[in-house]
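Please read the structure below before turning to the comments.
The values are calculated or read from the model by the stated rules, or taken from the named source; none is laboratory data. Remember, predicted model here, so these are calculated numbers, not experimental data. Here the Cβ positions follow ideal geometry from the backbone for every residue, glycine too, while neighbour counts run over all protein chains shown. Keep in mind that these areas ignore ligands, DNA and RNA; they rest on the heavy atoms of the full protein, side chains included. Shrake-Rupley method; radii C 1.70, N 1.55, O 1.52, S 1.80 Å.
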Amino acid sequence: MTANGEPIPRYWLYGEPHAVPELRFVHIETIPERMRLHNWEVQPHRHDGLSHTLLVTEGGGRLTVDATDWVFRAPALIAVPAQVVHGFRFDPGTDGQVLTLSEGFLGGVLAAIHEAELRAALALPFARDLDPAAPDRPALERAFAAIAEEFRAHHLGRASAIAAHVTLMLVTAARLIAAETIAAAGGSGRGRSPDVRLLARLRPLIDERFREHWPVERYAGALGVTAGRLNAACRRVTGRSTLQLVHARVMLEAKRSLTYTGLGMAEIGYALGFEDPAYFSRFFAKRDGRSPHAFRRAHLADDGSAPPPGGSLDGNGLDPDGASSPQ
């Protein structure tokens, strides 16, 4: 057990205290920047609302998710969705990039994508070796390099440019994944566990039904399993119950509405399935520590308007004058 009583540690970026990421949080750094500080090993942990995508260009290692190990060698592409409990052991000297995106930022990118294959490209955890001769591999490296350049440059339209490069990264990743033979994963320890596969079916169902406040039993029935089986799978993969995952999705949508729309509290609550505005406020405050009004005030621009979707990367400790990124 950790000091706060949780069996699975939660971090912001690895090794840093847990914090709730802002909606448009983005961060990118090299693998050695953080892993040298932790002897190239990451103990099992999770991030609330943050996903990782890694491009390994030198070295290798092992990703562990839900007692399943993926051994990878460069060049390799790795995805760890938000809330998934995971650990790493990198070979010393491994190099590459670690891209971290909040669910809010990634959700905004995915909302503009029509192809289901692109939206699903990084929806499940994996570590996949890439063919060094694959024609799309240089494009993947260029996308990561462009994201890193925009992240550090502080140019006008920075968030919009990063979103565009993330879209290109998803396109390239989907093409590379499609080119791989899934059958090759059969005997190599890369197969997805039944729990991970069940969670992959649950996530789009939550996206479709979270406003209807389905009980856990209804989600389980729609997936053809018992509520106990579904809860056990969610806890093993993410460290959270099914209901906590549903509530996290409700909170994400509430924060988007509070930040990017001028709707009143009652309107936002009603759109999220709350008939009583007071109950919506209590629900929100219990999970965020602030009332919806206080959250909105904290995210308004100086003129009282919502920040533009393509504005600065909120929550990164970055400002137009070029303050440093969180390391």
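Quick notes on this one:
- Hits in the stretch 55-75 (condition: surrounded by 23 or more Cβ atoms within 10 Å (Cβ to Cβ) and either free of Cβ contacts under 8 Å to residues at least 60 places away in the same chain or touching an Asp or Glu at 6+ places or on another chain (Cβ under 6 Å) (or both)): V56, G61, F72
- Scan the stretch 208-251 for residues that are within 23 Å of V80 (Cα to Cα), assigned to a helix (DSSP H, G or I) and either out of contact with any Lys or Arg (no Cβ under 7 Å at 6 or more places or on another chain) or among the small types (G, A, S) (or both) and the total you get is 17.
- Selection of the stretch 270-283 for residues being in a helix (DSSP H, G or I) and open to solvent by 70 Å² or more (accessible area, probe 1.4 Å) yields Y270, Y279, R282.
- For the stretch 214-247, filtering for residues that are open to solvent by 30 Å² or more (accessible area, probe 1.4 Å) and among the small types (G, A, S) leaves 5.
- Entry remark, the stretch 110-148: residues being farther than 26 Å from D69 by Cα, open to solvent by 60 Å² or more (accessible area, probe 1.4 Å) and more than 20 Å from the chain's Cα centre (by Cα) number 2 in total.
- Residues of the stretch 252-269 classified as out of contact with any Lys or Arg (no Cβ under 9 Å at 6 or more places or on another chain), part of a helix (DSSP H, G or I), surrounded by fewer than 20 Cβ atoms within 10 Å (Cβ to Cβ) and not small (G, A, S), total: 4
- Every residue from the stretch 115-133 that is modelled with pLDDT of 85 or more and in a loop (DSSP other than H, G, I, E, B): P125, L130, D131, P132, A133
- Among residues of the stretch 194-213 being in contact (Cβ under 8 Å) with a residue 24 or more places away in the chain and aliphatic (A, V, I, L, M), the one that is surrounded by the most Cβ atoms within 10 Å (Cβ to Cβ) is L199.
- Number of positions in the stretch 76-95 that are in contact (Cβ under 8 Å) with a residue 60 or more places away in the chain, over 10 Å from the mean Cα position of the chain (by Cα) and surrounded by 23 or more Cβ atoms within 10 Å (Cβ to Cβ): 3
- With respect to being out of contact with any strand residue (DSSP E or B) (no Cβ under 8 Å at 6 or more places or on another chain), more than 30 Å from A298 (Cα to Cα) and either of a type outside the set (S, T, N, Q) or without any contact (Cβ under 8 Å) to a residue 24 or more places away in the chain (or both), H38 fits the description.
- Among (1) over 15 Å from the mean Cα position of the chain (by Cα); (2) closer than 15 Å to A173 by Cα, the one test that T68 misses: (2)
- Search result, residues across the stretch 41-92 that are among the charged types (D, E, K, R) and at pLDDT 95 or above: E58, R62, R73, R89, D91
- H165 vs. criteria exposed (fewer than 15 other Cβ atoms within 10 Å of the Cβ) and modelled with pLDDT of 90 or more: no
- Residue list for the stretch 98-109, restricted to those being open to solvent by 40 Å² or more (accessible area, probe 1.4 Å) and touching a helix residue (DSSP H, G or I) at 6+ places or on another chain (Cβ under 6 Å): E103
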